[in-house]
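The values are calculated or read from the model by the stated rules, or taken from the named source; none is laboratory data. Computed from a prediction, not measured in an experiment: that's the story for all the values here. Backbone-built Cβ (ideal geometry, glycine too); neighbour counts: all protein chains shown. Ligands, DNA and RNA are stripped out before the accessible areas are found, and what is left, the full protein with its side chains, is counted by its heavy atoms. Shrake-Rupley method; radii C 1.70, N 1.55, O 1.52, S 1.80 Å.
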Amino acid sequence: MVTPNFTPYTEVLVILKRAGQADIDLSQAWSTIEYEDALPQSVKITLNSQFGKFMTIAPILQQFDKIFVRITDARDNVIQDVFHIRTIKRGRKAGKNKQIILFCPHQSENLWKQTISLVSRRTSGAAALNQLAAILNRPQNKGTNDPDVEMPAQDTVRKVGNFLDPNTSNNYIFEGVKLQTALDEIRDIEQEPIEGGGSFEAVFIRFKSKYNHTSPSDVNLNTVQIQAFPQGFQDNGSGSLTNIPNVTLIHQPLKSTATPPTNILQFESDEDPELATNIHVIGDRNSGSYPVNWQQFQGARDVFNNVNSWQTSQDYVVGNLVNEAGVIYECITNHTSASANKPPNASFWIVRTFTKPAIWNLGTNYAVNNLVRRLNISWKCIQAHTATATNEPPNAEFWTRIFFAPAVDYSPLTKANTQLWVNGLAGSQFAVDPTDANQGRVCMIDPNVIVKDANHPRTFVRIVTDNPSNIPSNHKIASSDIPDAYRVLAIDPATGAAPLSGEWGPGNLDRNGLALGGSILEFVDPDKDGNGEWVVFKANVPGDDQEVFDWNRAEPWINNPCNPTVTLGVPDRYVNNAGACVFTVGGAPAARASVWTIGSYAIQQVPLVGQFGVFVPGRQMECAHSVKWDLINHRIDMGTVKIINDDVDGDSGVFIKSAPTLVPGGKDQNPFYVGFNIHALNPLTGQSDSEFPGSGSAGSDITHATFDFNNMFRDHFGVPAWFGPQSEDFLPIQKFAFFMQFLTKLLFSNLRDLLDGDFSMGIWLCDRRDNVKVIQFNQPRKNEILPHEANLPGELYVGVPGASTIFSPQQPETVDAFDPREFLVGGIYTRNSFDKDGRYQGLNSRFRKTTEMEMRIDGWRMIKPLMATNADVLQDKPTRNIQTQFVKKQSIISYAQIKNLVLGLDKLFNFPRREFSENTGGRCDIQFGDSVYYTDSEEINDTTDSLPNTVKGVNTKNVISLSKGKNGPGGFTAKFDLVTRLFP
């Protein structure tokens, strides 16, 4: 341990180096030097320039001239480097000589600013750094005067070389970024926990000049070497690195008579024990998912599938993963690899497979290295025990977090969740019927459920009822709260008339003075607390021929239809082109029904008149398409299916079928169509039928009333939050993503049609104001399983009545802008079922020769920016929300990597970090990055390494200041900035 008295310097060399010229010694010309040994290095030199020397008298200094500076203290400790002149400042003060001030960054300055590109997946930071060095040396990436970059062998004295752990495994993707950004990325990943692919080691990475001025030769003058070493380590005198300091800085009381005397001239400290407890790291804009299960699952698979191969002579630590002969092993004992401890040696390695661990349970006996999952996180046992409420994860005494084992299913909206998709259909309450009486009643709904037409406007409601008390509990949030944006048709379904009493009875008006009874109503609850109010939808009381589709019972309703009496197939009245109800004979005005009626309009040939719209009681609208009925299981033909191999424990996909038929008026309605429906509006969470394979808990992953594609503050429960695991839900939705398989059977053979292809598909979305957007995509080949991404926002869509109506699709109501903040309902569907105007074609579609249509999907999710938070363990959540800290790492595409980064930052940000700034007498025995003890009996209350009143810090910056007196050496001081850090 060294605690020297401060003495003056013995030598200061300042040498001007110009290629092909003799050295120019400036050592006699300087008056002050401020040498900063930091990240990066720099020096500020003041030269006497009497009579114009260096300015008009040779040697005239120029920008980018190289300056070699070496400072030797009284104990022969040396600090030296090569710099280049960046800025020259000239000045003259009264009574003093002319001066010239040189501001000189390190000769590697321009390297930090170079733009580089590197895509290196599942490799170590050490390997990525070597690749960057090679990229910098490519002739196309450097100018003739730029320094060469060398990766030397490890030198523990000079701390040059690559000391990064070669056994980590992460993605390093740098696309057109500055070198400094890339090196910061490597540094950040290195300090992440071992279980997630880091080395849990804070490192410094910079350049050090190779030139040492031992001879007048210019050899190595234009070469810099990489320093990549752990913070707070230095040579131990035997060629190894140690974090035990070689130097102690001591500040003693003023009246102390201790020997040696104090070596601290000035002292300042800054303590900030918690910089942030709420940290969010944002990665690639298209690599996140909503729900987050996909990104979590794929992150674990990324870690597991891309580990490095086992190699000999490597230092493996507990938690390292290796691949040996195609088998993945985890290190369970620290060791240096050799043939004797090679996998599968059970004393050093344990086999790992890519499967979900069992759920943690009370009372279970856990052995070391057992895996469990709890609250969507996987854990490894590190101490044998019997599970109790006090030692459950994340108790760090018994468990450590791991990243290579999935804790979730990748597709929670399909796997074990058929009921979610069943409940999205219209009339889903009839999906199971032992008597088969409801065959054809459950329907898939297309975007023409919304029609903005002057004569026949159409919209949907969730239920038709005369009293809000009749709304089923499975339509409500938590079985009690009516969802915001919930719609009803407020009539008596038995009579079609407005309610005669109750909350919607006569005299009850909404806030706009409109009668509630007989109208389409919307529940408005902006706070989403269940305390909303009913208002007439769009402030518009329905008029004649207003069409409403009842999603609850899959029934079409028309207000005051022109309901004819039909004799021998001839209706006595019809609706003309102007939308008026007139008699067939004579064309005089005819009376309409005075109530809402179930049915829809169809084109019929009216004798002596032509084709006009005729109301048909009980007829289904063309926007509703029957789901095929399974006569064996007495339910609609839906269930689970395996279409991709990502699933590790079951069938994760979901399928739905339709049964096109040539029989007019058959039980299947409008069946030349297949698709799913999706809801943001609280999707019937209470309805569940065990008859469906993989029924699951419907709606458990998206349960709020409306979905906000901007997605900036409400989680999947609809709760505003930014401090906890739910915040990983956030950031704007970019697109939908999924796998699809589309199959059809030929009409007469009932065999799979393997030849047809190039199908047009679509996703339709409807917002709260009935604005519809459609996102188109193609399914190029039938029967094949293909990945799809459907980009938001899509194109505005104008719904049209079906082919059986007479009303022109060219005359819609004014279309508003689609509001991405209030998506309600939509679907995935076959666009080939429609003509170019969007009319359902039925028998005229390309599916007229099919007898069965089937759509399968898996991995259904929405794509958003990747984000991870540190506060994702509810049992171990920080007790204070100090500050929401956002860190952008747009090159990261793996959830495991970004999660590991945020957990590493959590340890750093919440470590009781302290900064100490000490001014001492001149000394060069403390290098940049060294660990140093600081002892102060009056200021420090810590005990470190058994030393009282002592802390251990890392020297993050040396500032050595020198000045000359008139008759020789003057001041020589050194200022050290010490920062405490985590030493694993």
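Observations on the structure shown:
- Ranking by accessible area, most exposed first, for Thr390, Thr312 with a 1.4 Å probe: Thr390, Thr312
- Placing unit charges on each Cβ (+1 for Lys and Arg, -1 for Asp and Glu) gives the chain a dipole about its Cα centre, and among Met740, Ala478, Pro526 the Cα reaching farthest toward its positive end belongs to Met740.
- Projected label distance in nm at Ser120 and Asn305, using a 7 Å step from Cα toward the beta-carbon: 2.2
- Between region 463-539 and region 733-794, the Cα center-to-center distance that results, in Å: 35
- Note on region 541-638: the C-alpha convex hull projects to 8.3 nm² when averaged across all orientations.
- Measuring nothing but alpha carbons in region 108-243 and taking Rh as the Kirkwood radius, the Rg to Rh ratio lands at 0.98.
- Here the alpha carbons of region 358-401 define both size measures, Rg and Dmax, at 8.7, 22 Å.
- Bridge type composition, region 290-427 - antiparallel percent by DSSP, nearest 5: 85
- On Cα atoms only, tilt of 293-305 relative to the major axis of the chain in degrees: 50
- Histogram of C-alpha separations across region 577-620, 5 Å bin width, %: 5, 19, 27, 29, 15, 5
- Were the residues from Thr32 through His634 laid out at 0.36 nm apart, the gain over their Cα-Cα distance would be 207.3 nm.
- Sites listed here are GluC sites (Glu not before Pro) in region 757-799 whose DSSP assignment is loop and whose Cβ has at most 15 other Cβ atoms within 10 Å: Glu784.
- Counting DSSP beta bridges with both ends in the chain, the antiparallel % (nearest 5): 90
- The heavy atoms of Thr400 present about 30 square angstrom of accessible area, all protein chains included, probe 1.4 Å.
- nm² value of the averaged projected area, convex hull over the Cα atoms of region 298-351: 3.4
- Calculated on the alpha-carbon coordinates, the convex hull of region 423-509 measures out at 162 cubic angstrom per residue.
- Alpha carbon Rg of the chain, scaled by the compact-globule rule 2.2 N^0.38 Å: 1.25
- The modelled label-to-label distance for the pair Ile359/Lys89, using points 7 Å beyond Cα in the direction of Cβ, is 6.7 nm.
- Solitary cysteines of the chain, where the nearest other Cys Cβ is not under 4.7 Å: Cys104, Cys331, Cys381, Cys443, Cys623, Cys766, Cys924
- Within region 748-798, the chymotrypsin sites (Phe, Trp or Tyr not before Pro) that combine a DSSP coil assignment with at most 14 other C-beta atoms in a 10 angstrom radius are Phe748.
- Among the chymotrypsin sites (Phe, Trp or Tyr not before Pro) in region 8-68, those placed in a DSSP loop whose Cβ has at most 15 other Cβ atoms within 10 Å are Phe64.
- Among the listed pairs Lys210/Lys957; Lys178/Lys888; Lys745/Lys773; Lys89/Lys964; Lys899/Lys957, those beyond 24 Å (Cα-Cα): Lys745/Lys773; Lys899/Lys957
- Summing Cβ point charges (Lys, Arg +1; Asp, Glu -1) relative to the Cα centre of region 447-622 gives a dipole of roughly 480 debye.
- Förster radius 41 Å - calculated FRET efficiency between Ile882 and Asp527 (Cβ-Cβ, nearest 0.05): 0.90
- Check: region 108-243 dipole with +1 on Lys, Arg Cβ and -1 on Asp, Glu Cβ, in debye: 300
- Computed with a 1.4 Å probe over protein heavy atoms only, the accessible area of Leu362 comes to about 110 Å².
- Antiparallel DSSP beta bridges within region 447-622, percent to nearest 5: 80
- Working from label points 7 Å from Cα in the Cα-to-Cβ sense, the Asp184 to Ala437 distance is 7.0 nm.
- Between 0 and 90°, nearest 10: helix 895-909 axis offset from the chain longest Cα axis: 50
- Most to least accessible of His251, His625 (protein chains only, probe 1.4 Å): His251, His625
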